[in-house]
Structures are given as structure tokens and as C-alpha cells.
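Down below is the structure, laid out as C-alpha cells.
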Amino acid sequence: MSAFPPLHHLLLRPRLPLSLRPSAAVPIRRLRLLPLSSSTATQDNADEVAEPPPPVTGTKMSVIDVNPPRGTRDFPPEDMRLRNWLFQNFREVSRLLSFEEVDFPVLESEALFIRKAGEEITQQLYNFEDKGGRRVVLRPEITPSLARLVIKQGKSVSFPLRWFAIGQCWRYERMTRGRRREHYQWNMDIIGVSKVRAEAELIHAIVLLFERLGVTSLDVGIRVSSRKVLQAVLQMYSIPEHLFMEVCVIVDKLGKITREEVEKELMIAGVSLEAVKGIVEVLSLKSLSKLEEVLGSDGEAVADLKRLFSLAEHYGYSKWINFDASVVRGLAYYTGIVFEAFDREGKLRAICGGGRYDRLLSTFGSDDIPACGFGFGDAVIMELLKEKGLVPDLARQVEDIVFPLDVELEGPASKVVSSLRRKGRSVDLIEDKRLKWVFKHAERINASRLVLVGNSEWQRGMVRVKNLSTREEYEIKIDELC
């Protein structure tokens, strides 16, 4: 048992001399409730903000809109805890597959993202001319930046490369659930491997991430196809090769616009009516065996897909994937197998997507290197986790609170805080509060211990400690506190 009075006897103890207490005459700034701005898609409640100071004579000041720009987000502490938790899972899965982390500037050259295949993304760029007259862009995706770095590194790197990145991307697009104008994206890319093994590894990473988050194959599936399927169909109808990328971009709109609108766009692009009907018919196939009947078993498309499904059996994730010929992905640089994860209830847009892009580097003036990768955004997966009740409760956690019981003990309290932090403990130093408030604060931040620095204990080289989970109280020598 403790030899000193229980801590609750200290609750009514004055914290400061009367002369040092805040005066009741000190004016309190009034709070003004602003209406919820229509320019944000990320806040559910209006914010309370302090009124600004009185304007300088002769000038007129107004309260700024405290909401972030439309389509963007603030990350207060509770949201940062969730974001960090998700990113930690991204990094852990990447570690499990022996990937190395890389990063790139958010601001890139506009030329890196301007292509001529009619991709929707090129119409959504945050692009402008900087003060030096250079055309720049806030990156809308990460893969071109990765390709640029691979080219820059040149012969200093040894292939294959297994790189991952977590970065912010910007697109000026229409906002829907899980779609914002900025988002964070986890990319994993394998550079220098031509075999389907690379795609199998990437899909394995996606499945591992879902499993870590508590998502099952009943919640999510992964649609798989190949750009080579569409290429084979175009060859069947003698459609010129230069139309291939444009056709891919158009047929990627299936499900987003009507079939009739897709057919009309294809004919405008120069595809015959007979070929349009054939393309749409093949893209409706959901069975790999039916695809084999149409294209034969000798083509690369069927061979690649059969190899991938065979590997999926060995990895143990075959129940997660299914063939869907309509998956072509909207970016022009894909050349082979493509895939995207979707929620089986159909409430959300694609959760992630990727594929093979063996000819991307040559579009930047380099030699081609086989490559594949995926992008996995933070917005849609968080919507799915909310839908499934899988968002963790990540309360703030602090190990120790140090509280000096008298003003003259603030220096000694600083020594205690410094010692604990150097030993690796997270410590919150509280001053100018009553003990009752300190206990409530400790509960709010889930503190493990309360360390009280009192006069009599300090003179004996001791501090008083209360374990806040067991309610045990004890004294301990300062140099033994850890």
C-alpha cells in the first residue's frame, strides 16, 4: 500500500496562487458558426472558428471560407491516424513481397502526361505554366513518374526492379462516392520481368492487403483480362493498328456510358459496324473457355490468361479472380494483362487497377523494358471499409503524463519529461491545470501512467506514479523511472 495520501485527496488542491489565476475580466473571444460551404465534399458539419481581430481603421476584413478547396481534404488527428494505419498496411505488404520504396515530386513536367489517345485523364490535369515559363502539372498518376526515374537511373540499376510508392495524385474530375480531386495512391511495379509471374505477384499483393484489412473474397473480386484480347479481335476485322489505343480508351467506357454510345464512338473513330458488333460481343464474354473458342488456344492472350489462372491456384487466391473480357483499363499504355478490383455489391467504383505496360518507356525516348504495376487509391478502400464496418477505432495513445503539482516544480518536471522521452516513451507535459482535469485528459488520450512531481517527493529524489489501468500508486526514484 502507498504510504502517501490517495490521489483523490489532491483533486481540490489549488493549482496556482490566487494572484496567478486567470482574471475573470479577461475577455473571451466569441465563436461564430459559419454555414457549411457548398464548395467542399469532405465535411459533414460546420466549423466553429474564432472571430478575427477588429479590422484596422480604414480597411474591411472578412472571415475566410475555412473549408478546403472543393474535392480536397483536411486530415485532423483522428483522420491522420486512419491514413497512417492504411499506409502502414501498404508498406507492410510491400515489405512482404520484398519491394523497395521510392518517391517522386508531385509537380512534374506536363509532357510526361500528355498523350494523344483521347484518354480522359488528359482532360483532367491540374496544369499550368510556372514562373519560368515551363509547362508543369500536379501528377494525376504515378506510373509515368516511375518510368522517368527508371530511365534517369539508367545502367546504375540492376533489373528486375521491385518498387513501390505512396503519393498524392490530382485530377480535376466529377466527384462521386470515393472519387475526389486529390487522393493518395499506393503503386507497386515490377520492371524487367516479361513473364506472367509478375502479374501474379502483383495480384497476390492486392489480395494480401485485402486480407490484412479484413476484406474477404465475398466482399471483393478481381476482374482479369488482356489488351491482347482486343488486339486479336481488331486483327480479325483488319482494323488498322494505329487505332488500337484509341479503341481501348473508348471500350473502357462500357458500364460508364450506354452500349449504343460506345458503339457510336467506335464508328466515329473509323471502326466498321461489323467490327463494332464483333468487339462488343467478345467483350461481353465472362468465360476463359468461351474466349478460347473465339480466339483459339494458340494466341498470346489466351496463353497468358491461362498461365495467370494456373498461378492463382498455386498462390491460393483463385477464388478472388475471374475472367471478364470487358476489362481493358482506360490508360493507353497498357499492352497485356489488365486487372481491377471491385466490390461485389456494385456500390463503388473500381478499388484498384493495373496491368502490363511493356512499351511505356519508349514513348519517352528510351528503350522498352517489360513492366507491369497497379495503382491502389486510399479513397475507395476507406469507403468499402466503412460499408463493411471494418474501420478500426484508433484512439490517441500516450504512454505518460507528467504533472508538476506546484509552479516552482515546472523545471524538475521538465527533467522528468526529458529523461522519459530519451528512454523512448511518449510523454505529455501538463501545466496550469487542476488535477481533476488532468485525470480526464489522461482518459481522453488513453495514457498509461500519471507521473506527479511533488515537493516532498522531489526533495527525496522521488516522483509519484499512478498506473491508470490498474489504479496502483507508488513512489519511485527519478533515475529508476522508465
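How many residues does the stretch 157-216 contain that are charged (D, E, K, R), crowded, with 20+ Cβ neighbours inside 10 Å and closer than 21 Å to L361 by Cα?
The qualifying residues number 2.
So the check is Cβ under 9 Å with 6+ separation or different chains; which pairs have a first residue in the stretch 260-283 that's under 19 Å from V294 (Cβ atoms) and a second one that's hydroxyl-bearing (S, T, Y) and open to solvent by less than 10 Å² (accessible area, probe 1.4 Å)?
Pairs found: L283/S225.
Between S366, S362, which is among the polar types (S, T, N, Q) and either open to solvent by less than 10 Å² (accessible area, probe 1.4 Å) or outside any loop (DSSP other than H, G, I, E, B) (or both)?
Values: S366 fails: either open to solvent by less than 10 Å² (accessible area, probe 1.4 Å) or outside any loop (DSSP other than H, G, I, E, B) (or both).
From the options S366, S362, the qualifying one is S362.
Going by what's in this entry, would L420 be described as part of a helix (DSSP H, G or I), in contact with an Asp or Glu (Cβ under 7 Å, 6 or more places away or on another chain), buried (at least 16 other Cβ atoms within 10 Å of the Cβ) and in contact (Cβ under 8 Å) with a residue 60 or more places away in the chain? Outline the logic, then answer.
Working: part of a helix (DSSP H, G or I): yes; in contact with an Asp or Glu (Cβ under 7 Å, 6 or more places away or on another chain): yes; buried (at least 16 other Cβ atoms within 10 Å of the Cβ): yes; in contact (Cβ under 8 Å) with a residue 60 or more places away in the chain: yes.
So L420 passes the test.
Residues being within 37 Å of the chain's Cα centre (by Cα) and farther than 16 Å from K253 by Cα: count how many of those fall in the stretch 270-288.
First pass over the stretch 270-288, keeping only residues within 37 Å of the chain's Cα centre (by Cα): 279-288.
Filter again for farther than 16 Å from K253 by Cα, leaving 285-288.
Of the residues in the stretch 270-288, 4 are within 37 Å of the chain's Cα centre (by Cα) and farther than 16 Å from K253 by Cα.
Considering the stretch 452-475 alone, what residues qualify as being open to solvent by 30 Å² or more (accessible area, probe 1.4 Å) and outside any loop (DSSP other than H, G, I, E, B)?
The answer is N455, S456, W458, Q459, M462, N467, E473, Y474, E475.
R449: surrounded by 19 or more Cβ atoms within 10 Å (Cβ to Cβ) and out of contact with any helix residue (DSSP H, G or I) (no Cβ under 7 Å at 6 or more places or on another chain), yes or no? Give the steps one after another, and end with the answer.
Details: surrounded by 19 or more Cβ atoms within 10 Å (Cβ to Cβ): yes; out of contact with any helix residue (DSSP H, G or I) (no Cβ under 7 Å at 6 or more places or on another chain): yes.
Spelling it out, R449 is indeed surrounded by 19 or more Cβ atoms within 10 Å (Cβ to Cβ) and out of contact with any helix residue (DSSP H, G or I) (no Cβ under 7 Å at 6 or more places or on another chain).
Please name all residue pairs, on different chains or six or more residues apart, with Cβ atoms under 6 Å, provided the first residue is in the stretch 315-337 and is without any contact (Cβ under 8 Å) to a residue 24 or more places away in the chain and the second residue is in a helix (DSSP H, G or I).
From residues that are without any contact (Cβ under 8 Å) to a residue 24 or more places away in the chain, the pairs are S318/A312.
Out of the residues in the stretch 423-444 meeting the condition of being in contact (Cβ under 8 Å) with a residue 60 or more places away in the chain and assigned to a loop (DSSP other than H, G, I, E, B), tell me which one is most open to solvent (accessible area, probe 1.4 Å).
R434
Restrict the check to the stretch 378-397 and report whether at least one residue is at positive phi and under 28 Å from the mean Cα position of the chain (by Cα). Spell out how you get there, then give the answer.
Going through the stretch 378-397, the residues at positive phi turn out to be 389.
Going one step further and asking which of them are under 28 Å from the mean Cα position of the chain (by Cα), we end up with 389.
Yes, some residue in the stretch 378-397 is at positive phi and under 28 Å from the mean Cα position of the chain (by Cα).
Checking S326 against (1) over 30 Å from K152 (Cβ atoms); (2) modelled with pLDDT of 95 or more, only one condition comes out false. Which one?
(2)
Filtering the stretch 95-126 down to residues that are more than 22 Å from I190 (Cα to Cα) and polar (S, T, N, Q), which residue is modelled with the highest pLDDT?
Here the residue is S109.
Tell me whether the stretch 402-413 contains one or more residues that are loosely packed, with under 15 Cβ neighbours inside 10 Å, among the acidic types (D, E), in contact with a strand residue (DSSP E or B) (Cβ under 6 Å, 6 or more places away or on another chain) and without any contact (Cβ under 8 Å) to a residue 40 or more places away in the chain.
The initial filter retains those residues of the stretch 402-413 that are loosely packed, with under 15 Cβ neighbours inside 10 Å, namely 407-408, 410-411.
When the remaining residues are screened for being among the acidic types (D, E), the result is 408, 410.
Filter once more, so that each one left must be in contact with a strand residue (DSSP E or B) (Cβ under 6 Å, 6 or more places away or on another chain): 410.
Add one more test, that the residue is without any contact (Cβ under 8 Å) to a residue 40 or more places away in the chain, and what stays is 410.
Looking through the stretch 402-413, at least one residue is loosely packed, with under 15 Cβ neighbours inside 10 Å, among the acidic types (D, E), in contact with a strand residue (DSSP E or B) (Cβ under 6 Å, 6 or more places away or on another chain) and without any contact (Cβ under 8 Å) to a residue 40 or more places away in the chain.
I need every pair where a residue in the stretch 63-74 that is modelled with pLDDT of 90 or more has its Cβ under 7 Å from the Cβ of a residue that is not in a loop (DSSP other than H, G, I, E, B), sequence separation at least 6 or different chains.
V66/V49; G71/E182; T72/E182
With the condition being in contact (Cβ under 8 Å) with a residue 60 or more places away in the chain and under 17 Å from the mean Cα position of the chain (by Cα), I'd like the helices (runs of 4 or more DSSP H) fully within the stretch 139-236 carrying at least 1 qualifying residues. Lay out the reasoning, then the answer.
On the way: elements: 143-153, 197-213, 227-236.
Filter on the stretch 139-236 gives 143-153, 197-213.
Taking helices (runs of 4 or more DSSP H) that do not extend beyond the stretch 244-352, which have at least 3 residues that are closer than 30 Å to R179 by Cα and open to solvent by 30 Å² or more (accessible area, probe 1.4 Å)? Steps first, answer last, please.
Numbers: elements: 244-251, 259-268, 273-283, 288-295, 300-315.
By residue number, 259-268.
The values are calculated or read from the model by the stated rules, or taken from the named source; none is laboratory data. Note that the coordinates shown come from a computational prediction; the quantities given were computed from them, not determined experimentally. Cβ atoms come from the backbone with ideal geometry, glycine included; neighbour counts cover every protein chain shown. All accessible areas refer to the heavy atoms of the entire protein, side chains included, with ligands and DNA or RNA removed. Shrake-Rupley method; radii C 1.70, N 1.55, O 1.52, S 1.80 Å.
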